[in-house]
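Participant: Handing you a structure now.
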Amino acid sequence: MAADAGISGAFRKGQMRMGQRKGLRQQGYFALLFAAYYCIIAVQTGYFSLTLSRQGLSEGDIGRVAVVTSTASLLAPPLWGWLCDRRQINRGLFILGAVVAPLSFYAMQHTGSFGGAAVWGGVFYAFCICLQSVPAGWIAALNAEGRQISYSGTRAFGSLSFAFVSVLLGSVVDRFGTGCLPAFLTVFGVLLFAVTIRLPAQPAIRERHRKAAFLPALTELLHNRPYVILLLCSILYGIPSGIFFTYFPVYFAQLGGTDRQLGIAMFVLAVVEVPVMLFYAALEKKIPIRWLVLLSILGYGVKGICVSLAADPGWAIACLVLQIFGLALSVPACQSFIASCTPAAYASTAQTCAVSVCGIGMIAANMLGAWLVTVVDLRAVFYVTSYFSFAGALIFLLGVCLPERKKNENMFQRFKR
């Protein structure tokens, strides 16, 4: 009997070691997924609007193209999330994105018209850029099945690759122009394909949820008060975020920045995210998630105001360090907050819907920006739109942080009695 117990114990320990090795391997593949995918995001962030500007589009036309791409960002993510929850097509989406990225960007560069740029830009966003939120639900669903994959830890590799690729792109584009970007996107697409095929499938939803259509799933999520408040706030902080990603490269060029310096700017923007992502789990143990989300919402506004005060490219680059309190903190904090307050069965739908609703803020930002650039300069556009983020922070403070604090205090008082 003792021998049998020893064999059984050894077998269980062996299974645990195999499970840990499998978890580490899967975490490594997700890190590589982010690294490959954010090479594509580096092209979009640094050179999408700059490419349009060098094709002769005005600042107003760039804003109108951004309205189209923001609309794609609104509609595509919840569709992808719902399909991932129902059909587990996560891998297929990234493979499709790897193929579409260079083709759509090349077509956008050579269309020669505003309409063509808007159409191909929308395709580029819908099938490539709008996949950013898919790994969040994917990882949340795997973790609900007992895996231990760190979203923030793997996402940090995306920021790291974004940073170093931005420097490379800055040097190459400075010498050869933006015409070389589709070639880079082809290389990045091949890397993304090679990694994606090694990832585990998203676990299938339990049978009782399988027949649920998108609208019933969305209805359940919209009855979740903290989630809905976060959605509202994401619209508000999406406005300064949208203005930044649409107009910063053009604004940076107006300050006298070169393509090489823009690459350095994008490096700083991303590399400051890495320590936040890597140590986010430790940070969450010391500070409640809701307060981290609040701080990240404030960060978008503070960064926007500081960028609006920049007098030269060097100052603008220095302001990007404030990304630590904006996107760097927002990405893991919002993912963790959503995972903690929504059902695991709707993991991808909840995550992608949150990103999609942020797209409403992007649409509002670009519609507002397309009009504001006709009456004020870009410096004023950055300044004015930053206050939407502060409004979002106030709503989140009053709607989530303070009520939750009061609820915890009441529970503590009942426990003492």
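The values are calculated or read from the model by the stated rules, or taken from the named source; none is laboratory data. Given the structure is predicted, the values throughout are model-derived calculations rather than measurements. Cβ sites come from the backbone with ideal geometry, for glycine too, and all protein chains shown count toward neighbours. SASA here: full protein model, heavy atoms, side chains in, ligands and nucleic acids out. Shrake-Rupley method; radii C 1.70, N 1.55, O 1.52, S 1.80 Å.
Participant: Identify, from the list Gly146, Gly122, Gly116, the residue that is out of contact with any Leu (no Cβ under 7 Å at 6 or more places or on another chain), outside any helix (DSSP H, G or I) and either under 21 Å from Leu50 (Cβ atoms) or modelled with pLDDT under 90 (or both). So that I can check it myself, show each step before the final result.
Facilitator: Values: Gly122 fails: outside any helix (DSSP H, G or I); Gly116 fails: outside any helix (DSSP H, G or I).
Step by step, each of Gly146, Gly122, Gly116 is checked, and only Gly146 is out of contact with any Leu (no Cβ under 7 Å at 6 or more places or on another chain), outside any helix (DSSP H, G or I) and either under 21 Å from Leu50 (Cβ atoms) or modelled with pLDDT under 90 (or both).
Participant: Need pairs with beta-carbon distance below 8 Å; first residue more than 17 Å from Leu83 (Cα to Cα) and within the range 336-358, second at pLDDT below 75 and open to solvent by less than 20 Å² (accessible area, probe 1.4 Å); sequence gap 6+ or separate chains.
Facilitator: Ala339/Ala347
Participant: Being outside any helix (DSSP H, G or I) and open to solvent by 30 Å² or more (accessible area, probe 1.4 Å) is the filter here, so list the residues in the range 256-269 that pass it.
Facilitator: Residues satisfying the conditions are Gly256, Thr258.
Participant: Still on this structure, I have one more. Could you tell me whether Ala344 is farther than 23 Å from Ser73 by Cα, modelled with pLDDT under 85 and open to solvent by less than 60 Å² (accessible area, probe 1.4 Å)?
Facilitator: Spelling it out, Ala344 is indeed farther than 23 Å from Ser73 by Cα, modelled with pLDDT under 85 and open to solvent by less than 60 Å² (accessible area, probe 1.4 Å).
Participant: Here is a follow-up. Picking from Gly170, Gly158, which residue would you name as being closer than 29 Å to Leu24 by Cβ and either modelled with pLDDT of 90 or more or open to solvent by less than 10 Å² (accessible area, probe 1.4 Å) (or both)?
Facilitator: Gly158
Participant: Taking the condition over 29 Å from Leu402 (Cα atoms) and assigned to a loop (DSSP other than H, G, I, E, B), does Ala311 pass?
Facilitator: Taking the combined requirement at face value, the residue satisfies it.
Participant: Follow-up question, since we're still on this one. What's the number of the only condition in (1) closer than 26 Å to Leu32 by Cα; (2) open to solvent by less than 30 Å² (accessible area, probe 1.4 Å) that Val187 fails to meet?
Facilitator: (2)
Participant: Here's something else I'd like to know. How do the pairs read when you match residues in the range 236-256 that are β-branched (Val, Ile, Thr) with residues anywhere that are open to solvent by 10 Å² or more (accessible area, probe 1.4 Å) and at pLDDT below 90, using Cβ under 6 Å and keeping only pairs 6 or more apart or on different chains?
Facilitator: Ile239/Ala364; Val250/Ser53
Participant: Run down Ile243, Ile287 and say which single residue is among the aliphatic types (A, V, I, L, M) and open to solvent by 10 Å² or more (accessible area, probe 1.4 Å). Steps first, answer last, please.
Facilitator: Numbers: Ile243 fails: open to solvent by 10 Å² or more (accessible area, probe 1.4 Å).
Matching residue, one of Ile243, Ile287: Ile287.
Participant: Read through the list (1) crowded, with 19+ Cβ neighbours inside 10 Å; (2) not in a helix (DSSP H, G or I), then give the number of the only condition that Pro200 fails.
Facilitator: (1)
Participant: With the checklist (1) open to solvent by 20 Å² or more (accessible area, probe 1.4 Å); (2) modelled with pLDDT under 90; (3) within 22 Å of the chain's Cα centre (by Cα) in hand, flag the one item Pro226 doesn't pass.
Facilitator: The failed condition is (2).
Participant: Can we say Cys334 is open to solvent by 10 Å² or more (accessible area, probe 1.4 Å), of a type outside the set (Asp, Glu) and closer than 19 Å to Tyr300 by Cα?
Facilitator: Yes: the conditions hold for Cys334.
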